[in-house]
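The values are calculated or read from the model by the stated rules, or taken from the named source; none is laboratory data. Since the model is a prediction, treat every value here as computed from it, not as a measurement. Cβ placement follows ideal geometry from the backbone for every residue including glycine, while neighbour counts extend to all protein chains displayed. Areas reflect the complete protein model, heavy atoms only, side chains present, ligands, DNA and RNA absent. Shrake-Rupley method; radii C 1.70, N 1.55, O 1.52, S 1.80 Å.
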Amino acid sequence: MLQHAPTLTRLVGELKKLPGIGERTAFRLAFHLLKSPHNMTSLAEALLAVQERVRACSVCFTLTEQDPCPLCSGQRDTRTICVVETSQDLLALERSNAFQGAYHVLQGAISPLQGISPDSLRIAELLERVKRGGVEEVVIATNFTVEGETTALYLARQLKPLGVKVTRLAHGIPLGSDIEFVDPATVQWALKGRSEL
């Protein structure tokens, strides 16, 4: 019986550790993989390849297979550094094609409740990059969560004494939204950050 198959139970247990995957979905994925051994082999090979080859860039700390990463070794404007929490955030900004400067990935956000202090993040490396000179502006692009706002405030306090311009991504109402359906906090931020036309 399947309930006595320890390897299947282990596979389901490992799949459940992935974000957004509950027990039913984990079982569905496990059975899908069992139906197609080729898919299972390909998945295992891909996971091993990522484990062996993907590392943090020594300059910006995004995930990469080459060091420094293509962004750091390319023709980016290093006078402006955009600080993000994760490599996923960096990719989202890159998809917009709106930023041509350099990046710095903190690898998280300050969260005392989860035991993540400023020393747990790549903040010291950011400050060192700024101290070396040549950086004119640091754009703080942390998420608009309690942890992201805490991190943004902490970074601003650390960076301003270094004589660099510190900016924050704008808060506001998303393009294409009806104001009546936007939450009150977002409307409040939009009003505070209004600009002249």
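Below are the figures for this structure:
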item	result
List Leu93, Leu121, Leu29, Leu191, ordered by accessible area with a 1.4 Å probe, largest first	Leu191, Leu29, Leu93, Leu121
Portion, in percent, of the accessible area of the stretch 69-197 that falls on carbon or sulfur, probe 1.4 Å	53 percent
Linear extension gain, Ala46 paired with Lys17, 0.36 nm per residue minus alpha-carbon span	8.6 nm
Label-point separation in nm, Glu125 to Phe31, each point 7 Å along Cα→Cβ	4.4 nm
Inter-site label distance for Asn143 and Gln100 at 7 Å from Cα along Cβ, in nm	3.1 nm
The stretch 17-97: GluC sites (Glu not before Pro) falling in loop per DSSP and having at most 15 other Cβ within 10 Å	Glu65
With all protein chains modelled, accessible area of Asp178 [1.4 Å, Å²]	90 Å²
Per residue solvent-accessible surface (Å²) - the chain, probe of 1.4 Å	68 Å²
